[in-house]
Amino acid sequence: MYRTILHNVKQNPSLVHCMTNYVTVNDVANMVLASGASPIMADDKSEVEEITSICTSLVINIGTLNARTIEAMVLAGKRANLLGHPVIFDPVGAGASSLRTETAKRLLDEVKFSVIRGNVSEIKTVYAGSGATMGVDANVADAVTEENIGEMIRMAQDLSVRTGAVIAITGAIDIVTDESRAYIIRNGDPMMARITGTGCMLDGIIAGFVGSNKDHVLEAAAVAVCAMGYCGENAKRKCRGTSSLRMHLIDEMSCLKAEELERGAKVESRI
Amino acid sequence: MYRTILHNVKQNPSLVHCMTNYVTVNDVANMVLASGASPIMADDKSEVEEITSICTSLVINIGTLNARTIEAMVLAGKRANLLGHPVIFDPVGAGASSLRTETAKRLLDEVKFSVIRGNVSEIKTVYAGSGATMGVDANVADAVTEENIGEMIRMAQDLSVRTGAVIAITGAIDIVTDESRAYIIRNGDPMMARITGTGCMLDGIIAGFVGSNKDHVLEAAAVAVCAMGYCGENAKRKCRGTSSLRMHLIDEMSCLKAEELERGAKVESRI
Amino acid sequence: MYRTILHNVKQNPSLVHCMTNYVTVNDVANMVLASGASPIMADDKSEVEEITSICTSLVINIGTLNARTIEAMVLAGKRANLLGHPVIFDPVGAGASSLRTETAKRLLDEVKFSVIRGNVSEIKTVYAGSGATMGVDANVADAVTEENIGEMIRMAQDLSVRTGAVIAITGAIDIVTDESRAYIIRNGDPMMARITGTGCMLDGIIAGFVGSNKDHVLEAAAVAVCAMGYCGENAKRKCRGTSSLRMHLIDEMSCLKAEELERGAKVESRI
């Protein structure tokens, strides 16, 4: 799986239209490049449909949404749907404000997503249609644990049935699932929670991997999540603090080899 | 002082609502995380009141202000005041344009701040209600020196009386003062002036420290300023140029220990 | 040439008003500082004329343009023209959307530029008044090669005649030319294409160098392009991946010495 997915990324590199937030956008662009794709950022409603048309895939991340960009996200999403481009959705902070929760609902109503990625609080909010999150990080109580993992997979699979999207819940333990096949991924390091943007960067990697593997969305998303965690483990060993962790994380992704990832992957498949 | 302030940061970590500029926002988020708090960025007027309600403290930094965000800053500031959350104000570039000077005035009229932090030009502008700064860096002529430090403290204390805020003037020599008690801090390295965002990052650290030490705003702000300078000194010793200085600065903050800071602090108290 | 240009940068440091994109703006600010100038970012139409008035030079980069900022760019550009400040234009993604292509046209109609810098696709679009680019990176077919270099120089010189600007086409081989004198620069490393923002950072360096060398715009732009490539070569030798490449690139610029650049420069002059 790893070799095929990464081989296709290299052979058919994606051009990813990123509609993301201004906090982590630079890391997203550099991570997309590091992972073998190319990014283009554009968020004005008068150009997003045209821009998305020349791309392979689209990321919609509501990390710093506003009235202007929400309209542009809807337009770009619909156009990407028309063109059959995979669209990745990150409902950042859904549950933290009505604007975010309502925008997530609206986007789910108007755009068909290939992958929805968030932490467990955000995915729960999207699932429930409402919720209360603490900031943009998952509530402590809201974590995937060895105890509740079955329940979490069932929630994600229900959401997958309703939306037609692959669902990725990321955190200490990651779940990537479609309606019936789930991958549980245990790569990563707790220190990754101490830098901003790991989720947003992962959105971009997923978009690139899925764009180059359109017939294997689930596997491409799972490999992307696994690759991020694996690079994080290596980065942790090399870093001296949180900022060098971020640097090494992107460095590792830029040097990632399929055979190493295959050896380092901690992925369990459940049907 | 150092141990108590940092202990409280760890025991009761803040969630900091950052309304800051798009130039340094990523460094701010990573520095807030490195210093032990969590950041959330939101600037749309339709959600800022709700977002600030779930937070501990608020940063208002006018580094890249515009008509849309100014209104949101006023709304968030007023809500934070109602809730008793500390609000940190950074009048970036006050004096460099009428928009900035007038916005600073308006914010001071409509919002009660716990801490106002800026370079000496910005604080002078806020004090005088007008001024001429050169860019976002302090005028060379506008520096706190051993000669004028008494005068600078008096200006800051007058401003503290007028606003009720702790005033932090940062530069080669830092002053942190309330109406009567001043700390003079001589940590830091001149090379820190060669990277962007040290002031904005410091806003975020202050917000986190004050949010976890609401009864000791002056001390928390002084420890934050001291910690930034101390980490800068260590980063200077490890770096090869300005970009690695930035990385080491955040790395050092993410590993900071109270006992080391206590030993390294160059803080003089004046009553 | 190198010594004089860099000497003037140090003796008369520029204050660069950067109207750039939110993707790479932090790198631009840090690179401007590393190269010896100071940056100020401001994009609201109610302040850009005032801000540009206190600056030495202006960068207009349409990387993430929108209706609000386009108007501000026109206003700032006209004011900089009135004041005789050099204005650097980067038509990012011209050809990728009508908005970008039309905005580039409008800016060229309303503002007089000192330097226009882009990749070959963007410059071709500006030259032709239309075009089709792939993302923000040059089309593979659209590269300056040893074979087409003469043709590329002629195109750039035609554009220089029409606009009065120095034209910089950057990529594996760089061309910097006015109406008649061309520099061909072969510094740099292919790995630089794997990080975002090298072009945007270069805009800022050019603005600083030209602002301190107003009577030698062509030479200042050529030295800036050469310095960027030279620092990239050194950074490549020190890095472990793409993110550390970015860090070392800025580090190298912050330590650059004229005599070393002179030795390392791979610059050919053609009249």
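The values are calculated or read from the model by the stated rules, or taken from the named source; none is laboratory data. Keep in mind that what you see is a predicted model, and the values were worked out from it rather than measured. Virtual Cβ from ideal backbone geometry, glycine too; neighbours counted across all protein chains shown.
With the condition kept exactly as written, say whether any residue in the range C:77-95 is farther than 24 Å from C:Leu218 by Cβ, within 14 Å of another protein chain (Cβ to nearest Cβ), at pLDDT 95 or above and buried (at least 24 other Cβ atoms within 10 Å of the Cβ). Yes, the conditions are met somewhere in the range C:77-95.
Yes/no matrix, rows are residues, columns are (1) facing another protein chain (nearest Cβ under 10 Å); (2) of a type in the set (Gly, Ala, Ser):
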residue: A:Asp215; (1), (2): no, no
residue: A:Ala221; (1), (2): no, yes
residue: A:Ala227; (1), (2): no, yes
residue: A:Lys238; (1), (2): yes, no
residue: A:Met247; (1), (2): yes, no
residue: A:Glu252; (1), (2): yes, no
residue: A:Cys255; (1), (2): yes, no
residue: A:Arg263; (1), (2): no, no
residue: A:Lys266; (1), (2): no, no
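Any residue at all in the range A:190-212 that's over 20 Å from A:Leu33 (Cα atoms), more than 14 Å from chain B (Cβ to nearest Cβ) and out of contact with any Phe, Trp or Tyr (no Cβ under 6 Å at 6 or more places or on another chain)? The answer is no, given that none of the residues of the range A:190-212 is over 20 Å from A:Leu33 (Cα atoms), more than 14 Å from chain B (Cβ to nearest Cβ) and out of contact with any Phe, Trp or Tyr (no Cβ under 6 Å at 6 or more places or on another chain). For the subset of the range C:55-68 comprising residues that are crowded, with 24+ Cβ neighbours inside 10 Å and either at the interface with another protein chain (Cβ under 9 Å from one of its Cβ atoms) or over 18 Å from the mean Cα position of the chain (by Cα) (or both), which member is nearest to C:Asn12 (Cα to Cα)? Here the answer is C:Cys55. Looking only at residues in the range C:98-113 that are farther than 25 Å from C:Gly84 by Cα and touching a helix residue (DSSP H, G or I) at 6+ places or on another chain (Cβ under 7 Å), which one is nearest to the other protein chains (Cβ to nearest Cβ)? Restricting to residues being farther than 25 Å from C:Gly84 by Cα and touching a helix residue (DSSP H, G or I) at 6+ places or on another chain (Cβ under 7 Å), the top hit is C:Ser98.
Screening B:Glu71 on (1) in contact with a Ser or Thr (Cβ under 9 Å, 6 or more places away or on another chain); (2) assigned to a helix (DSSP H, G or I); (3) not basic (Lys, Arg) shows it passes everything except condition (1).
No other residue among C:Thr20, C:Thr52 is within 19 Å of the chain's Cα centre (by Cα), over 18 Å from C:Ser212 (Cα atoms) and within 14 Å of chain B (Cβ to nearest Cβ) apart from C:Thr20.
To keep it simple, each residue is scored yes or no on (1) within 7 Å of another protein chain (Cβ to nearest Cβ); (2) crowded, with 22+ Cβ neighbours inside 10 Å.
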position: A:Tyr2; (1), (2): no, yes
position: A:Leu6; (1), (2): no, yes
position: A:Pro13; (1), (2): no, no
position: A:Leu33; (1), (2): yes, yes
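The numbered conditions (1) touching a helix residue (DSSP H, G or I) at 6+ places or on another chain (Cβ under 7 Å); (2) in contact (Cβ under 8 Å) with a residue 12 or more places away in the chain are all true for A:Asn26 except (2). Checked across the range B:244-265, the condition of being at pLDDT 95 or above, in contact with a strand residue (DSSP E or B) (Cβ under 9 Å, 6 or more places away or on another chain) and under 18 Å from B:Thr170 (Cα atoms) holds for at least one residue. Of the residues making up the range A:224-247, not a single one is among the aliphatic types (A, V, I, L, M) and more than 30 Å from B:Ser35 (Cα to Cα). Checked against (1) part of a helix (DSSP H, G or I); (2) farther than 22 Å from C:Ile175 by Cβ; (3) in contact (Cβ under 8 Å) with a residue 24 or more places away in the chain, C:Leu82 passes all but a single condition, namely (3).
In the range A:184-271, counting only helices (runs of 4 or more DSSP H) that sit wholly within it, the ones holding 1 or more residues that are touching a Ser or Thr at 6+ places or on another chain (Cβ under 6 Å) span A:198-211, A:217-238, A:242-255. Consider C:Gly241 carefully, then state whether it is without any contact (Cβ under 8 Å) to a residue 12 or more places away in the chain and either under 20 Å from A:His248 (Cα atoms) or in contact with a helix residue (DSSP H, G or I) (Cβ under 9 Å, 6 or more places away or on another chain) (or both). Yes: the conditions hold for C:Gly241.
Scanning the range B:156-172 for residues being crowded, with 20+ Cβ neighbours inside 10 Å and in a loop (DSSP other than H, G, I, E, B) gives a total of 3. Restricting attention to the range A:113-143, the residues being at pLDDT below 95 and either part of a loop (DSSP other than H, G, I, E, B) or among the acidic types (Asp, Glu) (or both) number 14.
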